[in-house]
Amino acid sequence: MIGSTDKDGGQVTNDPYTPEAYGATVFEKLGIDRAKPLYTASDRPVFIGHEADPISQVM
């Protein structure tokens, strides 16, 4: 189990994770190098998950 919420499921009570951490976890699982940018159709570099660590309980 990773984290928990209040009885209504509306608030995280421990182990909150950011969207950046979720992105880092997905990229790590897929073997995508998070240090390199992805490029949009207009050739703009976009970094996803590079400022967070993957969620260790998922790894």
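Read-outs throughout are calculated quantities, based only on the coordinates presented, and are distinct from any laboratory measurement. From a predicted model like this one, the values you see are computed outputs, not experimental measurements. Here the Cβ is made from the backbone with ideal geometry for all residues, glycine too, and neighbour counts use every protein chain on show.
Flag not set for Ile32, criterion: touching a Leu at 6+ places or on another chain (Cβ under 7 Å), on the phi < 0 side of the Ramachandran plot and surrounded by 12 or more Cβ atoms within 10 Å (Cβ to Cβ).
When Tyr17 is tested against (1) under 13 Å from Ile2 (Cα atoms); (2) surrounded by fewer than 16 Cβ atoms within 10 Å (Cβ to Cβ), only condition (2) is not met. Pairs meeting the criteria (first residue in the range 37-48 and without any contact (Cβ under 8 Å) to a residue 12 or more places away in the chain, second residue of a type in the set (A, V, I, L, M) and part of a loop (DSSP other than H, G, I, E, B), beta carbons under 9 Å, at least 6 apart or on different chains) are Pro37/Ile48; Leu38/Ile32; Leu38/Ile48. When restricted to residues that are in a loop (DSSP other than H, G, I, E, B) and among the hydrophobic types (A, V, I, L, M, F, W, C), the range 7-58 contains 8. Which members of the range 2-51 meet the condition of being touching a Lys or Arg at 6+ places or on another chain (Cβ under 9 Å) and of a type in the set (A, V, I, L, M)? Selection gives Ala24, Ile48.
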